[in-house]
There are 2 protein chains.
Amino acid sequence: MSTPTGTRAAPVGQAAVGRRPELARLSLNTATTKHLTLPEAAAAAAAAGLSSIGVWRDRVQEVGAEQAARIVADHGLRVSSLCRGGFLTTPDDDAAQVALEDNRLAIREAATLGTRELVMVVGGLPACSAPGGPALPYPAGTPAGSGPDDPARDVLAARERVAERIAELAPYAAGHGVRLVLEALHPMFAADRAVISTLGQALDLAEPFPADVVGVVVDTYHVWWDPDLQRQVARAGAAGRIAGYQVCDWVLPLAAEPLNSRGHVGDGYVDFATVTRWVRDAGYTGDVEVEIFNEQIWAAPAEQTLATMAERHVRHVLPHL
Amino acid sequence: MSTPTGTRAAPVGQAAVGRRPELARLSLNTATTKHLTLPEAAAAAAAAGLSSIGVWRDRVQEVGAEQAARIVADHGLRVSSLCRGGFLTTPDDDAAQVALEDNRLAIREAATLGTRELVMVVGGLPACSAPGGPALPYPAGTPAGSGPDDPARDVLAARERVAERIAELAPYAAGHGVRLVLEALHPMFAADRAVISTLGQALDLAEPFPADVVGVVVDTYHVWWDPDLQRQVARAGAAGRIAGYQVCDWVLPLAAEPLNSRGHVGDGYVDFATVTRWVRDAGYTGDVEVEIFNEQIWAAPAEQTLATMAERHVRHVLPHL
């Protein structure tokens, strides 16, 4: 994300009067207030005293990227990140060209919004993303063996395609001053959403590229369980690749749609003190985005959601940041 | 598991006449036929032509370990593993002593059953296993910060307790000719069931002990997504620590109780050809246990479940074994 002192900081206007210094690094990701339009989300973030906002492309595209940039600036906010590019795993060449073109558009949108960070959710297995839905179970008459003979389940090949397509997008991103931010998703999403499942794997994929062209985001929900997390956060920091720190909590039981199982910081099982210290000790000085997918939180009034975000930030994250 | 040529092989009796050579390494884990008693499960496995069975402690304890051993032998079967010991993460000293005593009983049961392999599910966070259920969300008045001040969410400390208690159990296991088989569970179970989430982590924990005292099991459901899997399977094989290969498939959507989301081999997204070759290339020559938790499969007739297991084994696993 852009730092508070970055060259892309939005002008500090009238709307910034209510900023709360203790929330200077707290950012509202618009997924947390899913039902708000961008103007509504920006107003809510500013009213709560935040300095930045992470925006999803659907809400940006509703108004257009240039207008979106004005809305955010008019509220005295910075854009901490744009979510999301990616979905690069298709084995189909035509579909891959469509995906790459959409990612180029996302890169231009990020540049227009004045954020350097484009978060990338890289996509899952072809078997999970085939037109018409999952091609499962194996059709009758499937020959013995799967794997290399079964591209739809070949996670190794899917990862290779991600690497190739990141390489294809990197020069375009660099040319627009935008960083491709690889996001490791929790392994329970490996089949259907992202074949990058650990921070270490994201860093391996980022390694061939300059740190200001391909980075990683540390999202507590996705990586808290990783026994190698401390080492990989330090590695990411040493390489200058930590492009964002997203926080929300692992709560149980999982929701019927597991994607929407996330909870407010402090409502679940993540040890935010420890992970936040690792991120701090890795040299990260950027924004802390709260990105929560949760039906109950979406149904709550936005001001209540923002108030809880702020209170949890001050209690569980800020002391360790 | 005991190999077909192992010294503990059950006597080949009358019941073994129906064995199918192509299923010589296929084992029925009794969790797959949850509603069957041990005599029923053993009869079903023998009738399907299998040579071995993996047994859960609840079904063993219903008849007692000695009688269980006789039942299995009378059907001409070997015991591929006993499931399960573990649940070693409590910070409470008294509760820890109870857990250790129960694990010693499990070790004796394994020895009586004639299997060397005791599968260990090591337990989750204290916050998930507190009497009266999860201690969530944070109670009002919780001081700023969590982590080191919050033992219930301290996954690092929970892992340390696992290491200490494995060390305490290891000599007892060795004395009974039983191996403690550490199971990495899918990271979606890290909070509530097992703070071991990767095969590499299980191997790190096993390393201080002889390979015939502490081993690991490769369960496709739990580890298929791991970008480091090939390397860790090879490492496990080189160290002589692969104590079992359990197979079932990752199917979506997850069940309302995610624990019961597993599917028959071939019904989901796992690339069995590739993973099976890695296990084979690591030198594993033991049994392949099918352990499925799935309400629909539990509701199906056992002979149908066994027939599907056999058919999928021959199609998706055996060619690569």
Legend entry - Where a residue in the stretch B:207-219 is under 19 Å from B:Leu82 (Cβ atoms) and its partner, wherever it lies, is of a type in the set (Lys, Arg) and not in a loop (DSSP other than H, G, I, E, B), with Cβ under 9 Å and at least six apart: B:Ala211/B:Arg179; B:Asp212/B:Arg179; B:Val213/B:Arg179; B:Val214/B:Arg179; B:Gly215/B:Arg179
Inset, instruction - Output the number of residues of the stretch B:170-219 satisfying the condition of being crowded, with 24+ Cβ neighbours inside 10 Å and part of a helix (DSSP H, G or I). - result: 6
Legend entry - Breaking point among (1) out of contact with any Cys (no Cβ under 7 Å at 6 or more places or on another chain); (2) on the phi < 0 side of the Ramachandran plot, for B:Gly64: (2)
Inset, instruction - Select the helices (runs of 4 or more DSSP H) contained entirely in the stretch B:230-320, then report the ones holding at least 1 residues which are surrounded by fewer than 22 Cβ atoms within 10 Å (Cβ to Cβ) and of a type in the set (Lys, Arg). - result: B:272-281
Legend entry - Scope the stretch A:167-204; condition more than 14 Å from every other protein chain (Cβ to nearest Cβ), of a type in the set (Gly, Ala, Ser) and under 27 Å from B:Asp271 (Cβ atoms); matching residues: A:Ala167
Legend entry - Selected residue (only one of A:Glu257, A:Glu291, A:Glu207 is closer than 26 Å to A:Val155 by Cα and more than 10 Å from chain B (Cβ to nearest Cβ)): A:Glu207
Inset, instruction - Just give me the residues in the stretch A:188-204 being in contact with a helix residue (DSSP H, G or I) (Cβ under 6 Å, 6 or more places away or on another chain), closer than 14 Å to B:Val223 by Cβ and without any contact (Cβ under 8 Å) to a residue 40 or more places away in the chain, in sequence order. - result: A:Ser197
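Read-outs: derived from the displayed coordinates by stated rules, not from any lab. No experiment lies behind these values; they were computed from the predicted model shown. Every residue, glycine as well, gets a Cβ built from its backbone with ideal geometry; the counts of neighbours run over all protein chains shown.
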